[in-house]
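The block underneath contains the structure these notes are about, expressed in structure tokens.
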Amino acid sequence: MKNVNKYERQYFMPPVCEYDWAKKDHIEKAPVWCSVDLRDGNQALIEPMSLDEKLEFFQMLVDIGFKEIEVGFPAASETEFIFMRTLIERDMIPDDVTVQVLTQAREHIIKKTFEAVKGAPHAVIHLYNSTSVAQREQVFKKSKEQIKQLAVDGAELLKKLADETEGDFSFEYSPESFHGTEVDYAVEVCNAVLDVWQPSAQNKAIINIPATVETAMPHVFATQIEYVSKNLKYRDNVVLSLHPHNDRGCGVSDAELGLLAGADRIEGTLFGNGERTGNVDIITVAMNMYSYGIDPQLDFSNMPYIREVYERLTRMQVNLVFTAFSGSHQDAIAKGMAWREEKKLNTWTVPYLPIDPVDVGRTYDSDVIRINSQSGKGGISYILKQNFSISVPEKMREEVGYAVKQVSDEEHKELSPQWVYEIFEDNYIHYTPYFQISECHFRQDDGIMAEATIQYGEKKTIVDANGNGRLDAISNTIKQYFGITYELSTYEEHALSHGSSSKAMAYVGITHDGKNYWGAGMDEDIIKASIHALVVAVNKLPEMTKDDNHQDDRLVSMLNYIQTNYQTVTLENMAEQFHLSEPYISKYIKDKSGKTFGEHVAHTRMKRAKTLLKNGNMTVENISYAVGYQNVEHFNRTFKKTFEMTPLQYRNLSRE
């Protein structure tokens with residue numbers, strides 16, 4: 001950038017730098033907090049608060065726990081004056097709360113200020129004048145001694161009027177524009193003021209060091225504060241206060257390092273608003289302490305309410321930053337929460353979250369883990385589980401994640417938890433564009449025989465098939481009807497709720513040509529839920545888009561007959577049953593299904609044999625007879641050719 005040569009550092013290092021503060025690694029206790037929202041914060045608003053708004057804001061600060069509240073600059077405007085009088089006359093100041101008012105070191109302003117605070121149960125009169133080199137030379141055109149005398153004269157007038165005015169008063173002094181002031185000179189002026197006030201243990205004085213325009217780095221400010229703390233007179237009877245501004249973006253650091261350096265008190269605003277880039281954000285400093293296990297003595301447990309009141313009264317917008325959109329962050333948070341629950345931990349160690357959002361009135365689902373196109377499968381699964389009790393299987397999460405993120409990407413919007421659920425519902429529960437199973441019945445017959453009513457468009461067809469279990473049997477009816485192949489690769493289920501009317505959730509994954517397809521089902525009957533999940537998954541297969549992807553009624557009837565009579569069925573039986581010749585039936589089955597009559601019979605017998613080998617104790621010889629083979633050797637050869645292992649090898653493998 002051009003013109004850089006016209007700038008230089010405008011702060012002053014103290015005569016002696018000891019850096020004892022740098023040996024400390026944490027703040028040990030909360031400071032005295034003083035909110036200046038109603039003065040410093042209010043004067044920075046485009047539209048300052050009205051009397052009623054200031055009264056409501058004051059009450060909120062009291063409810064949060066502030067014991068010291070700067071309420072205004074009464075001599076600056078009639079609204080400020082009336083506000084101070086209203087607090088006193090309506091008896092709105094609690095016994096344990098001290099109000100504070102600001103005044104310049106000018107006689108008529110000081111007198112007007114005391115008129116405003118007359119009768120206050122306890123008020124701090126905050127006196128200030130600027131001491132910086134720039135202000136001395138350019139604004140006041142006065143020497144160091146003259147500037148110091150302004151402060152002393154003001155201090156003397158405060159003491160005099162406090163004795164003459166009804167009420168209980170203590171004093172505060174600020175060398176304004178401290179960063180542009182020689183540090184030893186600032187201490188000299190402060191000590192001159194303290195000599196006037198003569199603070200005691202019963203009536204302490206406040207020396208407030210304002211970073212009016214923040215021009216120094218935080219460690220420099222801490223070194224300056226350490227010098228001030230060690231060189232103030234009456235130190236045991238002085239409350240050393242800081243008033244950091246945020247011009248360099250370091251207001252919080254100034255406050256924290258300043259406390260390490262000896263400060264006792266912090267002046268700031270709730271969310272950091274103020275002149276230019278604002279004051280120190282008291283909430284951030286307080287919550288930083290809270291995250292270290294230090295009670296800040298302020299109650300921010302209902303942050304949404306505080307935010308609502310603040311935005312309504314100041315007409316400013318506040319963003320509470322707990323959100324994690326990043327996929328890896330969301331995944332780590334979700335796993336951290338699961339770890340905490342599993343281990344029943346008392347301490348808070350969840351990744352990416354310095355504090356528990358619940359402690360400030362937030363929730364994990366809508367406030368912390370939020371969903372957009374950058375979110376990950378872990379965060380999306382967490383939202384579904386927390387809000388809707390849907391525990392997406394691990395293998396299914398990536399696909400669900402892509403489905404949700406695609407919507408966010410296309411819409412260019414953040415997705416609410418309800419929207420995420422609706423996407424899941426549309427893609428995995430309600431997706432049945434091609435067929436449904438409207439009815440099914442089962443019977444035990446060396447395994448499970450299913451009779452399913454497949455509704456394809458307007459047409460309903462009853463299909464029979466057997467399987468190792470109910471879902472496998474229904475799967476075989478679908479394969480048989482549509483002439484397709486796939487593998488049932490994943491099945492998971494869980495309860496959605498408890499009680500007599502509780503619903504269950506089932507998830508089914510199938511594999512076809514190396515790709516996974518997923519469906520989900522929800523029903524009070526887990527069997528119905530699992531069948532529906534399977535139907536959704538199969539509806540997603542590419543073959544389902546073809547117009548001729550289902551068998552004709554005659555073929556379905558023939559295959560049903562084979563399924564029912566697999567042990568004894570022959571072409572002769574078939575010819576008699578369907579009133580057709582054996583050659584015609586043989587050719588018809590081959591042309592329509594792509595498999596011969598013998599292949600269909602062998603396939604059905606082999607599936608039954610697998611079921612018996614896996615689930616029973618029948619001998620191989622008896623199983624051979626049970627499935628329709630009178631010759632055991634023939635059965636063994638057929639089984640090995642089909643499954644590339646002998647019946648005994650399959651039994652041993654399935655029971656490992």
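The values are calculated or read from the model by the stated rules, or taken from the named source; none is laboratory data. It should be emphasised that the depicted structure is a prediction, and the values quoted were computed from it without experimental measurement. So basically every Cβ, Gly included, is an ideal-geometry build from the backbone, and we count neighbours across all protein chains shown. The protein model used for the area step is the full one, side chains on, heavy atoms only, and it has no ligands, DNA or RNA in it. Shrake-Rupley method; radii C 1.70, N 1.55, O 1.52, S 1.80 Å.
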Could you check how many residues of the stretch 215-228 are in contact with a Pro (Cβ under 7 Å, 6 or more places away or on another chain) and not polar (S, T, N, Q)?
-> 1
Would you list the helices (runs of 4 or more DSSP H) that sit entirely within the stretch 534-627 and hold 1 or more residues that are under 23 Å from Arg470 (Cβ atoms)?
-> 553-564, 597-615, 620-626
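Each row is one residue, and each column tells you yes or no for (1) open to solvent by 10 Å² or more (accessible area, probe 1.4 Å); (2) under 36 Å from the mean Cα position of the chain (by Cα).
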| site | (1), (2) |
| --- | --- |
| Ala450 | no, no |
| Gly469 | yes, no |
| Glu493 | yes, yes |
| Asn516 | yes, yes |
| Glu524 | yes, yes |
| Ala533 | no, yes |
| Lys546 | yes, no |
Check on Ile266, surrounded by fewer than 23 Cβ atoms within 10 Å (Cβ to Cβ) and either free of Cβ contacts under 8 Å to residues at least 40 places away in the same chain or not small (Gly, Ala, Ser) (or both) = no
Answer residue from the stretch 140-188, given it is in a helix (DSSP H, G or I) and aromatic (Phe, Trp, Tyr) and is most open to solvent (accessible area, probe 1.4 Å) among those = Phe140
How many residues of the stretch 40-71 are touching a strand residue (DSSP E or B) at 6+ places or on another chain (Cβ under 7 Å), at pLDDT 95 or above and either surrounded by 21 or more Cβ atoms within 10 Å (Cβ to Cβ) or outside any loop (DSSP other than H, G, I, E, B) (or both)? The answer is 7
Condition met for Leu648 (among the aliphatic types (A, V, I, L, M), open to solvent by 80 Å² or more (accessible area, probe 1.4 Å) and modelled with pLDDT of 90 or more) = yes
Name the one entry in Glu275, Glu308 that is among the acidic types (Asp, Glu), surrounded by fewer than 16 Cβ atoms within 10 Å (Cβ to Cβ) and either in a helix (DSSP H, G or I) or without any contact (Cβ under 8 Å) to a residue 40 or more places away in the chain (or both).
-> Glu308
Would you check if there is a residue in the stretch 202-219 being open to solvent by less than 60 Å² (accessible area, probe 1.4 Å), part of a loop (DSSP other than H, G, I, E, B) and more than 22 Å from Glu256 (Cβ to Cβ)?
-> no
Filter result for Thr223 (touching a residue at least 60 places away in the same chain (Cβ under 8 Å), open to solvent by less than 20 Å² (accessible area, probe 1.4 Å) and hydroxyl-bearing (Ser, Thr, Tyr)) = yes
Odd one out for Val632 among (1) farther than 22 Å from Phe482 by Cβ; (2) open to solvent by 40 Å² or more (accessible area, probe 1.4 Å); (3) at pLDDT 90 or above | (2)
